Each structure stands twice: as C-alpha cells, then as structure tokens.
Amino acid sequence: MKPFPLILESIKDLSTGQVQDVFKLAKSFKDGSEPEGTPFSSKGNELTDKPHFKSKTPLIATFFQEPSTRTKNSFAIAAKRLKTDYVDLAPQFSSLKKGEDLEQTFITLKYQGVNLLICRSPLEKISSKVKLPNVAYINGGDGKNEHPTQALLDAFSIIENGLDLSETTIALIGDVLHSRVAHSLMKLIPKLGGKILICGPSDWLPKGDLGPSIESVSTLEEAILRADVLYPLRIQKERHQNAVQNEDYFIKHFKVSLKKLKEMNKKPLVFHAGPFNIGVEIDQDLLDSPLFQAYNQIENSIYIRMSIIQLMLQEFGQS
C-alpha cells in the first residue's frame, strides 16, 4: 500500500485509494465508530511513543498568513478532538515582522517540537520555494493555487447526500480563475469520475485544455440545467491584480438564487466554501433553503480534517 503523503499541498499528492481512505475514516469519526487503537484518540495511543514524537502527544501548529474562520478553526477543533496538542502561531506577531524568512520560521517550529504544520499563505506551492524541515505539512490554502482539504470535504459531503460522483456533474460558478477551491475541485472530481462545468465572466475562467471532464459553459442557465450540484464562488477581490470587473454585471448574469432555480424548475444541491457574499454570488433565500449544503460542509470539515491529520501523523510516526 502506498504510504500516506507527509506533504499534502495538492490533490495530486493523493491517489484515488488514499482519497477513499480519508473518506472512510472521516465517516467512522462522524458515525462515532472509529476503529480500536486509533493513535490519538482516547481508545489508544500506541503510536505516540515513536521516536518522531518527543512528547507523549503529537504537536500540531497552524500558521495562517491570510484570514480564516472556517479552515483554521476546523483544524484546531480536529486536532483537539484527536487528543493532540495544538498551538497557533499568528504571523503578524511572529519574527517575520523582524525580517526572519519563512524557512527559518518553519525550522524554529520544528525544533520547538511541532510534528505537523498547517499553513495558509499567499505564496503558492511553498514546498517548491521553501525547504520544509522534517515535519508533516498540510496546505490550508496557498494564494489562488489550491485548497485540497476543502475539496476533499466537499466531495465527501456530495457523496453523503447520496450522489455517485462518477455520475455527478458539478457547476463551479463565478470567479473560477482566482479560486483555489475551484482548482482543487477541478483535480479531485475528475479523479473520482465526475464532471465539472465552469461558468462565469470570461476573464474569470481558466483557458486552454482543461481535460475531458471539464467543460466551460457560457450562461448560468445552461449550468443550472446540466448540473446536479451548483457551487457559487465569491469574487476573490484580494487576488485580482487589476480592478474587479463590474460587480453589477456579475450579479445580473451569475448570481445564484432560489427564485432562479424555481423559474427553471430545478432543485440541485448548492454548495459554498464560504464566506458568503450575500446578494453577490448567492441570495439569502437560497441560504434558507434545504438545497443549501454549506453548513453541512462546515460540519464535515471537522471529520475530514481529523481523518487527514490522523492518517498523516500515523505515517509520520512510523517513518
């Protein structure tokens, strides 16, 4: 069996089998039926005395250089539910402000006993630009590149709703080009046999050959007609180098609303990574609808991230 990766920076780092392992363990956590002897739960901690763990319990650190509510908190909650130790290093209060570079910051954390580092950064593909010390590493979102754990929890939530991903079409609607969530979903969903539609202002859509499982459609109406799942994306204003395209145009042509779905007599599931820009990419009426799945995504984020942490630290403890 292929070892679980110690660096999770991209969906490409995981095999299809490893993705299924993440889902299986996440489901067991959610069902309350995790197997006996899981390494960091109260049912057993046989891996915590491995040489890589200097204390009885693995130490996890978050280091987020960009704002986060859902991702950082869910990693913190996941770490605590797994009975690991957890610390958060706020970059704005770190020695980065004194001129230290990112590599030395990571090395410092390693020698302070951190076993797993979860990082969010505007710097894309960190592992190719910064030499990572001997710690496990999870990408919590890097610029507009990827957000692999969000895509994993999205796919898990779709399956939990009874959909077979190999027969499911997901429409990513809005600022696809600048969305790291979209980029990870565009790797993960085809890997699991599903299809992706991308829809939005032409300047906000990736160009070129995106593969046989990804198709660009020109109108919101076509996306709604063809998709089983709608995934509105907020305008990533912080990642636009130039002025953001007219917001009124975006709202008129690409905002997803319950009214629009009713007019078209369609009832797709509606996902959203958050935060919600209500009245821009999505309307309040949809947030109040049973079609809206974002709160289920938030709940499942805990179990998926517990699963990833455990599988990664289990491999780290054995390496």
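Considering only ALA227, PHE93, TYR303, and ranking their Cα positions along the charge dipole of the chain that arises from unit charges at the beta-carbon of Lys, Arg, Asp and Glu, the one farthest toward the positive end is PHE93.
By the count of neighbouring beta-carbon atoms within 10 Å, fewest first, VAL270, VAL229 end up ordered VAL270, VAL229.
Too long at a 29 Å Cα-Cα cut-off: which of LYS98/LYS144; LYS187/LYS262; LYS2/LYS97; LYS125/LYS266; LYS144/LYS266; LYS80/LYS237? The answer is LYS187/LYS262; LYS2/LYS97; LYS125/LYS266; LYS144/LYS266; LYS80/LYS237.
Please work out whether the stretch 162-292 counts as rounded, prolate or oblate from its C-alpha gyration tensor, where a ≥ b ≥ c are the square roots of the eigenvalues and a/c under 1.5 means rounded, while otherwise a/b larger than b/c means prolate and anything else oblate?
Working: a/c = 1.59, a/b = 1.05, b/c = 1.52.
Oblate, because a/c is 1.5 or more while a/b does not exceed b/c.
For P(r) over Cα pairs in 10 Å bins from 0, in percent, the candidate list reads [x] 5, 20, 21, 14, 11, 9, 7, 6, 4, 1, 0; [y] 6, 27, 33, 22, 10, 2, 0; [z] 6, 24, 30, 21, 11, 5, 3, 1, 0, 0; the entry that matches the value derived from this model is [y].
Computed over the chain, the per-residue total of -39500 (n - 2.57) for DSSP H runs of n ≥ 4 gives a 222 nm mean residue ellipticity of -11000 deg cm²/dmol, rounded to 500. Under the shape rule built on the C-alpha gyration tensor, where the axes satisfy a ≥ b ≥ c, the stretch 107-171 is prolate, since a/c reaches at least 1.5 and a/b is greater than b/c. Applying both filters, DSSP loop and at most 13 other Cβ atoms within 10 Å, to the trypsin sites (Lys or Arg not before Pro) of the stretch 164-219 gives LYS207. Among PHE75, PHE292, a tally of other beta-carbon atoms within 10 Å of each Cβ gives an order, fewest to most, of PHE292, PHE75.
Hydrophobic long helices, here whole DSSP H runs in the chain with Kyte-Doolittle means of at least -1.0 and Cα atoms spread over 30 Å or more along the helix axis, are found at 294-318.
Throughout, read-outs are computed from the coordinates displayed, never taken from laboratory work. Being a predicted model, the structure only gives us computed values, none of them experimental. Note that we place each Cβ from the backbone using ideal geometry, even for glycine, and neighbour counts take in every protein chain shown.
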